[in-house]
Amino acid sequence: MLLQHATWPEVESYLESNKGIIIPIGSTEQHGPSGLIGTDALTAEVIGQRLGKATGAFVAPTLNYGMAQHHMAFTGTVTLQPSTMIAVTRDIVMSLVRHGFERIFFVNGHGGNVNSVKAAFSEVQSELVEAKGLRDGGSNHPPDDVRLELHNWWMGEKTTALRKSLYGDREGYHATPSEVAVTWFSFPEQKRDVELGPLEKIKRAYQGPEDFRKLFPDGRMGSDPSLATVEDGERLVLLAVGELAERYRQFLRED
Ligand SMILES: [Zn+2]
């Protein structure tokens, strides 16, 4: 169920028996010569919305922008500063908590978001602790019942194993064949047939956007997205949704 397609009385009645919500979170950033700029947001949205269907959970609108500073030397990338990202994540969570959501499950499509989202979780938690101290009790939604989790869709044990078996070392770290496969499965009309250059080996850590482009001139980081297929994308989506659904159900039950 999409939060955007619900009415407020529907959300209110859902909350009588279910405190969980899923939030897809991605990025708008270059993904090499064959990957879509929206890859991280699209993969998180497709998997997050299927997860919502599988578990009967509400799915909030996708956060399409993320922390993509290191991709800014490539045209079309849009980034939030880490401090903006923390503030946006905090505001979304606090709004949902105010209404009584207590299990907030982020499905993430972009590794660069992790630090900022986790920092936002810390801010929310300290704010809730402080609010609890000021509260005079009797609330229906005790703030210490709020739980927040962030899951990178590609990091589940089985999903990781499938990626490894499909692509081995050619999976790489950015513009990976697995994320490209998920977008091609989801939007087959967007499939690109682009000749790619040789794989760049990762020699050292990059220092900012210009250096990133110097080390990885076409935007890929050690990945070979030409291996991606629509069929692989389907397998990855189904497996990731299954794994996340298992975790989400457990997350709802935990006290
Ligand atoms: Zn990506």
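Only the coordinates and a few stated rules stand behind these numbers; no lab work does. All values derive from a computational prediction rather than experimental measurement. Ideal geometry is used to build each Cβ from the backbone, glycine not excepted, and the neighbour counts take in all protein chains shown.
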Checklist entry - Which of F101, F106, F187 comes first, and how do the rest follow, when ranked by fewest Cβ neighbours within 10 Å? => result F187, F101, F106
Checklist entry - Among bridges DSSP assigns within region 3-250, what percent are antiparallel (round to 5)? => result 15 percent
Checklist outcome for this item: Largest fluctuation, S178, S226, S27 only, Gaussian network model of the chain with Cα springs under 10 angstrom, belongs to S226
Checklist entry - With contacts defined as alpha carbon pairs under 8 Å and 6 or more residues apart, what's the relative contact order of the chain in percent? => result 24 percent
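Evaluated at 37 °C with a viscosity of 0.692 mPa s, what Stokes-Einstein diffusion coefficient in µm²/s does region 3-250 have when Rh comes from the Kirkwood expression over alpha-carbon pairs?
Approximately 173 µm²/s, per Stokes-Einstein.
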Checklist outcome for this item: Exposure proxy check on E189, E127: fewest-to-most Cβ neighbours within 10 Å is E189, E127
Checklist entry - What full-extension length gain, to one decimal in nm, is calculated for E231 and S17 as 0.36 nm per residue of separation minus the Cα-Cα distance? => result 73.3 nm
Checklist entry - Separation between the K201 and E149 pseudo-spin-labels, each 7 Å from Cα along Cα→Cβ, expressed in nm? => result 4.0 nm
Checklist entry - Using the 10 angstrom Cβ neighbour count as an exposure proxy, how do Y173, Y248, Y167 rank, fewest first? => result Y173, Y167, Y248
Checklist outcome for this item: Checking Q81, Q69, Q30 against a Gaussian network model of the chain (alpha-carbon springs below 10 Å), the top fluctuating residue turns out to be Q81
Next on the checklist: Rounded, prolate or oblate for region 1-132? Axes are the square roots of the Cα gyration tensor eigenvalues, ordered a ≥ b ≥ c, and the cut-off for rounded is a/c under 1.5.
Outcome noted: oblate
